[in-house]
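K.L.:
Sharing a structure with you now.
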Amino acid sequence: MPDCIVVGGGAIGLLTARQLFLQGMDVLLLERGLLGGESSWAGGGIISPLYPWRYDDCVNLLAERSKKIYPELVKTLFEETGSDCELIDSGLFVVNHENQQDILSWSKKWSIEASYIDDSNAIHQIEKTVGDAVGRGIWLPDIKQIRNPKLIKALKASFDYLSIPYQENAVVEEVIVENNKVSGVRTQQKVLNADKIIIASGAWSAQFSVTQAAVDVLPVKGQMIMYKGEPNLVKRMVLSEGHYIIPRNDGRILAGSTLEKIGFDKSVSTSALDELHQAAVELVPLLEGLPIERQWAGLRPGTKKGIPYICPHDIEGLYIHAGHFRNGIVLGAASAELMADIVLDRKPWCDPVPYALRAQH
Ligand SMILES: Cc1cc2nc3c(=O)[nH]c(=O)nc-3n(C[C@H](O)[C@H](O)[C@H](O)COP(=O)(O)OP(=O)(O)OC[C@H]3O[C@@H](n4cnc5c(N)ncnc54)[C@H](O)[C@@H]3O)c2cc1C
């Protein structure tokens, strides 16, 4: 019998289970489909919240810690598995019309290099392919991206390398509770017992009878398109009005994303394709001439303020690790450390109160 069962094998479940295993816990991760097949695969992998100055300090705190963790984590995963997650320094140019003072105070507070640029030549020196719509904004040279499908692949390979137990195609149907204490989960196949259960089921985290009332996580669909270009054609990530460009190492260029609150629907639409393409071409006109290779959608685990739950539930032995919304990759590494501290009853590396069950209501 494992000490702890993690329900959900997206980035959050994988990072949490790995962290607990490395701390000596006997874990078992259960994933309904294939590891990382949902939002964690579908995302963009920007290692920063979009417009971080609009978020609560508690989100920025996780982001800043994760930024420090990722280089070492990626190196370790490479040593363990030979899988390269493509953590690269693309920098992020944010086309911006907001109050500069707010942004500069944010950058000072978190010691992040940020400069306001409103000179077209200077902007073209940063990214030569941007169009006239990119007239002014904030340059954040230190923002990295990670190729999230490769992160998932490397994490899965690390599970195999370290022999961390996991099961794919294992649908958890119920969390079993006796006398207000968890005793295990029931999957379609069998009952699995454990004294601790962590719900890391992304957008589906409120599906269980024990989480329905307490966990306010809803699916927020995001659609994305991908162009096929040449390496180094576009070098920087560019963001404007929620639309962004992410150039990958191999020349592929992602353009995202929509924000759609329409339930558990992962269909893609031509209207979204048109919207994303138009916004992308406005930012980087040469995209007009590139083939669109693929379009997809993922369901983000949405919370009201984008603050995740990283906390114990009122039921003894039950924990919630969900609701990372648009930022599950950037927040995930630090969030998993905090979840591990809580589950192992250690002094947490930061104040856990903002991520508690009722903190968001
Ligand atoms: C278009 C788009 C762009 C994004 N861009 C970024 C970005 O640039 N940077 C960033 O940091 N974040 C980004 N995100 C957000 C990020 O992808 C998510 O916050 C993150 O993936 C959430 O991880 P998760 O593990 O909680 O959820 P998921 O990856 O969805 O994993 C949850 C898992 O739980 C499993 N599950 C559900 N129910 C059960 C059950 N009953 N039994 C067993 N397993 C179950 C699911 O199958 C799933 O695999 C983006 C998301 C989208 C959609």
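K.L.:
How much mean residue ellipticity at 222 nm does the chain get from its helices, if each DSSP H run of length 4 or more adds -39500 (n - 2.57) and you divide by all residues, to the nearest 500 deg cm²/dmol?
P.N.:
Helices in the chain give a 222 nm mean residue ellipticity of -9000 deg cm²/dmol.
K.L.:
While we're here: Give the long-range amide H neighbours of E174: residues separated by 5 or more places, or on another chain, with amide H under 5 Å away, using H modelled in the peptide plane at 1.01 Å from N.
P.N.:
Answer set, sorted by chain and number: R186.
K.L.:
Quantify how much of the Cα-Cα distance distribution of region 166-211 extends past 18 Å, in percent.
P.N.:
Pairs farther apart than 18 Å: 23 percent.
K.L.:
Next question. Within the chain, what percent of beta bridges assigned by DSSP are antiparallel, to the nearest 5?
P.N.:
75
K.L.:
Sticking to Cα atoms, compute the Rg of region 14-59 to one decimal and its Dmax as the biggest Cα-Cα distance, whole number, in Å.
P.N.:
14.7, 39
K.L.:
Once the principal axes of the Cα atoms of region 186-345 are found, what is the range along each, listed largest first in whole angstroms?
P.N.:
So the three principal-axis extents are 57, 33, 29 Å.
K.L.:
Something else about it: Give me the percent relative contact order of region 212-263, please, defined on Cα pairs under 8 angstrom at least 6 residues apart.
P.N.:
Computed value for region 212-263: 45 percent relative contact order.
K.L.:
Say the dipole of region 103-186 comes from +1 at the beta carbon of Lys and Arg and -1 at that of Asp and Glu; which of W139, N179, Y161 then lies farthest toward its positive end?
P.N.:
Y161
K.L.:
Express the carbon and sulfur contribution to the solvent-accessible surface of region 220-302 as a percent, rounded to the nearest whole number, probe 1.4 angstrom.
P.N.:
It is 49 percent, rounded to a whole number.
K.L.:
Still on this structure, I have one more. Report relative contact order for region 160-256 in percent, whole number only (criteria: Cα-Cα under 8 Å, sequence separation at least 6).
P.N.:
16
K.L.:
Turning to a different aspect of this structure: Using the Cα centre as the reference, give the magnitude of the dipole from point charges on the C-beta atoms of region 138-187 (Lys, Arg: +1; Asp, Glu: -1; all else neutral), rounded to the nearest 20 debye.
P.N.:
Magnitude of the dipole: close to 300 debye.
K.L.:
Over the chain, with the other protein chains present, what is the accessible area per residue in square angstrom, probe 1.4 angstrom?
P.N.:
The answer is 42 Å² per residue.
K.L.:
Hey, could you get me the Stokes-Einstein D for region 145-196, Kirkwood radius over alpha-carbon pairs, 37 °C and 0.692 mPa s, rounded to whole µm² s⁻¹?
P.N.:
Once the numbers are plugged in, D ends up at 248 µm²/s.
K.L.:
Please list, in order along region 235-249, the HN-Hα scalar couplings obtained from phi with the Karplus expression 6.51 cos²θ - 1.76 cosθ + 1.60 (θ = phi - 60°), rounded to whole Hz, x for Gly and Pro.
P.N.:
Each residue's phi maps through the Karplus curve to give 10, 10, 7, 10, 10, 8, 6, x, 9, 9, 10, 10, x, 8, 4 Hz.
K.L.:
What per residue convex hull volume, in Å³, do the alpha-carbon atoms of region 12-88 yield?
P.N.:
Looking at region 12-88, the number lands at 133 Å³ per residue.
K.L.:
Could you check how much of the accessible area of region 77-210 is carbon and sulfur, as a whole percent, using a 1.4 Å probe?
P.N.:
Carbon and sulfur: 44 percent of the exposed surface of region 77-210.
K.L.:
I've got another one for you. Beyond 35 Å, what share of the Cα-Cα pairs of the chain remains, rounded to the nearest whole percent?
P.N.:
Of all Cα-Cα pairs in the chain, 22 percent lie more than 35 Å apart.
K.L.:
Working with all protein chains in place, sort K221, K196, K75, K153 by solvent-accessible area computed with a 1.4 Å probe, largest first.
P.N.:
Reading off the accessible areas and sorting them downward yields K153, K75, K196, K221.
K.L.:
Can you run phi through the Karplus equation (6.51, -1.76, 1.60; θ = phi - 60°) for region 260-277 and list ³J(HN,Hα) in whole Hz, with x for Gly and Pro?
P.N.:
My calculation for region 260-277 gives 10, 9, 10, x, 8, 10, 10, 6, 9, 10, 6, 5, 5, 4, 5, 4, 5, 5 Hz in order.
K.L.:
Can you pull the accessible area of R18 for me, 1.4 Å probe, Å² to the nearest 10?
P.N.:
Counting only protein heavy atoms, the figure is 20 Å².
K.L.:
Evaluated at 10 °C with a viscosity of 1.306 mPa s, what Stokes-Einstein diffusion coefficient in µm²/s does region 77-165 have when Rh comes from the Kirkwood expression over alpha-carbon pairs?
P.N.:
D, rounded to a whole number, is 102 µm²/s.
K.L.:
At 4 °C and 1.567 mPa s, what whole-number value in µm²/s does Stokes-Einstein give for the translational diffusion of region 194-281, with Rh from the Kirkwood sum over Cα pairs?
P.N.:
84
K.L.:
Ok, one more. To the nearest 10 degrees, how steep is helix 57-81 against the longest Cα principal axis of the chain, on a 0 to 90 scale?
P.N.:
Here the helix axis deviates by roughly 80 degrees.
K.L.:
Next question. Relative contact order, percent, of the chain when contacts are C-alpha pairs under 8 Å separated by at least 6 residues?
P.N.:
Across the chain, relative contact order equals 23 percent.
The values are calculated or read from the model by the stated rules, or taken from the named source; none is laboratory data. This one's a predicted model, so the numbers in the text were calculated from it and none came from an experiment. Neighbour counts are summed over all protein chains in view; Cβ atoms, including those assigned to glycine, are modelled from backbone coordinates with ideal geometry. All accessible areas refer to the heavy atoms of the entire protein, side chains included, with ligands and DNA or RNA removed. Shrake-Rupley method; radii C 1.70, N 1.55, O 1.52, S 1.80 Å.
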